[in-house]
Amino acid sequence: MTPLITANQLEEIINSGENVLLCDCRFDLADTTAGRKAYEEGHIPGAIYVDLDQDLSGVKTGKNGRHPLPNPETWAKTKTRLGMDNSTLVVAYDKQGSVYASRLWWMLKATGHANVRVLDGGLDAWNGPIGMIPRKPRPAKQAMEAMPYVGLVLVDAVAENLQTKKSIVIDARANDRFHGQNETLDPVAGHIPGASNRFFKENLSAAQFKTPEKLYKDFVDLLGSIKASEVIHQCGSGVTACHNLLAMEVAGLKGSRLYAGSWSEWCADPSRPIET
C-alpha cells in the first residue's frame with residue numbers, strides 16, 4: 001500500500017463512512033501558534049488538530065534536540081487521547097509540502113500502526129468542503145500499547161558510524177544550512193561529517209510528491225549501490241528528515257532509518273565533530 005493518498009481517494013473514503021481519523025498537522029517553526037489558528041479558521045471537515053510541539057515531540061532537555069520524540073509510553077497515551085486504535089485509518093495532512101504530516105506518518109509506522117497515509121498535496125489539493133468548527137479528539141475506547149520505535153537511530157550510533165561507515169547519513173536541510181551558511185534555527189552551523197545532502201523539497205513537484213519512478217531514480221543516483229537499510233535520515237530536528245524517509249518509501253526503497261535528534265542534538269555537544 002502506498003503511503004500517499006489523493007484528495008479524490010480521501011473524499012471517496014469519507015463518503016463511504018469508513019473509520020478514518022483526519023489529522024491536520026499544519027505548523028510554523030517561526031510562529032508555533034499559527035498552525036492551530038489556521039486549523040480553527042478552516043480545515044477538512046471532521047479533522048482534529050495535531051500539534052508538532054505538544055503531540056509529536058517529547059520533553060526537551062537542551063541536549064536532545066528541538067523536537068525530541070516522546071518516549072513510547074507517552075506516545076501511546078497521546079495516540080489513545082487522539083482517538084487512534086489499531087483499526088483506525090489515519091490520514092495526515094498539512095499545508096507545508098507534507099513535512100509535518102510526514103512526521104506523524106513516521107511516528108505511527110515506527111510504532112506498529114501500518115494503516116496511515118499522507119494526503120498528497122496537503123490541504124491545497126483538497127477540493128471538497130471546508131469545515132469551520134474545530135473538533136475535539138475523541139479518546140479511543142481501548143488504550144494503545146506502548147511500542148518501541150522501529151527504525152530509530154540514536155546519537156551514539158551516529159557517532160560510531162563516523163568510524164565504521166556502515167551507513168550513509170542523508171541531511172534533509174536546505175543546501176546553505178547544510179554547508180553552515182545562513183543558520184537561523186540552531187546555535188551552531190554545519191553538518192555531521194560525511195553526510196550527504198538532499199533537501200526535502202527535491203521530493204516535490206508542484207507541491208506534490210514526484211512519481212515513484214522519478215523518486216526512485218533520484219535516490220538511486222544519490223545512493224548508488226547503498227541499500228535503503230544502510231541509510232540514516234536526519235535534518236535540523238527530526239521533522240523534514242521524515243519527508244525524505246517517506247519519499248524513499250513512495251519509491252519502493254523501504255527500510256531506511258531516522259536519527260530523530262538530528263543536527264540540533266548533534267551540535268548541542270561541543271565534543272562532537274562538525275563539517276562546513
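Full extension of the chain segment joining residue 147 with residue 164 gains 3.2 nm, where the gain is 0.36 nm per residue of separation less the Cα-Cα distance.
Computed from Cα positions, the angle between helix 72-82 and the longest principal axis of the chain comes to roughly 30 degrees. Simple spin-label estimate for residue 175 and residue 229 gives 3.4 nm between the two label positions (7 Å along the Cα-to-Cβ direction from each Cα). In plain terms, the chain is cut at each of the GluC sites (Glu not before Pro) found in a DSSP loop with at most 13 other Cβ atoms within 10 Å, and the longest leftover piece is 146-276.
Once Rg and Dmax of the Cα atoms in Å is calculated for the structure shown, the corresponding label among [x] 17.0, 54; [y] 18.5, 60; [z] 18.1, 56 turns out to be [z]. Each of 87, 229, 256, 57 was scored by other Cβ atoms within 10 Å of its Cβ. Listed from fewest to most, they are 87, 229, 57, 256.
Given the rule -39500 (n - 2.57) for each run of at least 4 DSSP H residues, summed and divided by the residues of the chain, what is its mean residue ellipticity at 222 nm, to the nearest 500 deg cm²/dmol?
On the way: 9 runs with 83 residues, N = 276.
Result for the chain, helices only: -8500 deg cm²/dmol.
Within the straight-line cut-off of under 29 Å between alpha carbons, the lysines reachable from residue 77 are 37, 60, 63, 95, 109, 136, 141, 254, sequence neighbours fewer than 8 places apart in one chain being disregarded.
Taking 0.36 nm per residue of separation and subtracting the Cα-Cα distance, what length does fully extending residue 188 through residue 77 add? Spell out each step's value before the answer.
On the way: separation 111, 0.36 × 111 = 39.96 nm, distance 3.42 nm.
Answer, rounded to one decimal: 36.5 nm.
For the range 12-36, the residues whose backbone nitrogen is under 13 Å from a point 7 Å from the Cα of residue 85, taken along Cα to Cβ, are 19-20. By other beta-carbon atoms within 10 Å, ranking 216, 149, 49 with the fewest at the front produces 216, 149, 49.
If you take the beta carbon distance between residue 114 and residue 207 as r and set R0 to 25 Å, what does 1/(1 + (r/R0)^6) give as a FRET efficiency, to the nearest 0.05?
Details: r = 26 Å, r/R0 = 1.05.
Efficiency, from the Cβ-Cβ distance: 0.45.
Computed from the C-beta positions of residue 61 and residue 31, the FRET efficiency with R₀ = 35 Å rounds to 0.90.
Taken as Cα centroids, the range 206-276 and the range 32-104 sit 20 Å apart, rounded to the nearest whole angstrom.
Any chance you could run the full-extension gain for residue 275 through residue 136? It's 0.36 nm times the residue separation minus the Cα-Cα distance, nm to one decimal. Please report the intermediate quantities before stating the final value.
On the way: separation 139, 0.36 × 139 = 50.04 nm, distance 4.54 nm.
Answer, rounded to one decimal: 45.5 nm.
Counting only alpha carbon atoms, the long axis of helix 7-16 and the longest principal axis of the chain meet at about 40°. Specify the angular offset, from 0 to 90 degrees and rounded to the nearest 10, of the alpha carbon long axis of helix 240-250 from the longest principal axis of the alpha carbons in the chain. Orientation of helix 240-250: about 70 degrees from the principal axis.
Expressed as a rounded percentage, what relative contact order does the chain have, with Cα pairs under 8 Å and six or more residues apart? Before the final figure, lay out the partial values.
Numbers: 549 pairs, mean separation 61.7, N = 276.
It rounds to 22 percent for the chain.
Of the peptides 174-180, 219-225, the ranking by mean beta-carbon count within 10 Å, highest at the top, reads 174-180, 219-225.
A short reminder: the numbers here are calculations on the coordinates, not readings from a lab. Just so it is clear, the structure is predicted and the values come from calculations on it, not from any experiment. Counting neighbours? That spans all protein chains shown, and the Cβs are built from the backbone with ideal geometry, glycine included.
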